């Protein structure tokens, strides 16, 4: 089983090192100070993942860096109501695909055509600040059976996959506020455009799960 292909990178992303002006370095220096204040605020609030990912962004781990959520992080992410809803919608798509082409008795990978996008967590402030809007999908090994009543039943082993392109894609019109509910887009983008920070992909997968029922 596997997730869908990664999305195309957003067209409105900051371009690493694109601003080479002297003033951009001055602005980036101020932005780094502001973002450090955000990290201090998040640490004081007991957040874990939000400051961890922002530090990775500010360290610039290179153009091909992929962060893998550890088992504790992915469990925390997957149990949120937003991810559960998105995973259920993705699993429903797999059921539709299996129903349309049942191939009775054959176990096969069925993967949705695309991620469920723009998932946003609202019941955990740490995860909300860490992930913003992100993608969720399931990947399955599915077997369809003929039921005694003539209908179709399916057994599915599946995982929930989470994917996020950690970047700052929107420029706000206001200055940074160390309240994590406020945007940090401007300062973060200044760092990346000056070549002092870099966007990266983060991803993870749940433990194996199982679904069985009528199609």
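Just so you know, all these numbers are worked out from the coordinates, no wet-lab data involved. These figures come from a predicted structure and were not determined experimentally. Backbone-built Cβ (ideal geometry, glycine too); neighbour counts: all protein chains shown.
Using only Cα atoms, tell me the angle between helix 81-100 and the longest principal axis of the chain; keep it within 0 to 90° and round to the nearest 10.
40
Give, in nm to one decimal, the length gained when the segment between residue 40 and residue 147 is fully stretched (0.36 nm per residue of separation minus the Cα-Cα distance).
Full extension from residue 40 to residue 147 adds 32.7 nm.
Using the alpha-carbon atoms, what tilt in degrees (0 to 90, nearest 10) does helix 49-59 show relative to the longest principal axis of the chain?
Computed tilt is about 60 degrees.
Consider all pairwise Cα distances in the stretch 18-158 and report the whole-number % of them above 24 Å.
Pairs farther apart than 24 Å: 52 percent.
Just grab the label-to-label distance for residue 88 and residue 157, each label 7 Å out from Cα along the Cβ direction, in nm (one decimal).
2.6
Helix 22-44 against the longest principal axis of the chain: what's the angle in degrees, Cα atoms only, rounded to the nearest 10?
60
Using Cα centres only, tell me the gap between the stretch 30-49 and the stretch 200-215 in whole Å.
After rounding, the separation between the Cα centres reads 32 Å.
Given an 8 Å cut-off on Cα distances and at least 6 residues of separation, report the relative contact order of the stretch 22-214 as a percent.
Relative contact order for the stretch 22-214 comes out at 30 percent.
Only Cα pairs within less than 10 Å get springs; with that Gaussian network setup on the chain, which residue of 113, 87, 197 has the largest fluctuation?
Evaluated over the chain, the most mobile residue of the options is 113.
Considering only 192, 120, 109, give the residue with the highest GNM mean-square fluctuation for the chain, with springs between Cα atoms whenever their separation is below 10 Å.
Maximum among the listed residues: 109.
Taking only DSSP H segments of four or more residues, each worth -39500 (n - 2.57), what value at 222 nm results for the chain once the sum is divided by all its residues, to the nearest 500 deg cm²/dmol?
Counting only the DSSP helices, I get -11500 deg cm²/dmol.
Mind checking which of 122, 202, 44 has the largest fluctuation in a GNM of the chain, springs on alpha carbons under 10 Å?
Maximum fluctuation in the GNM of the chain, among the listed residues, is at 44.
Considering only DSSP beta bridges with both partners in the chain, what is the antiparallel share in %, to the nearest 5?
Here the share of antiparallel DSSP bridges comes out near 90 percent.
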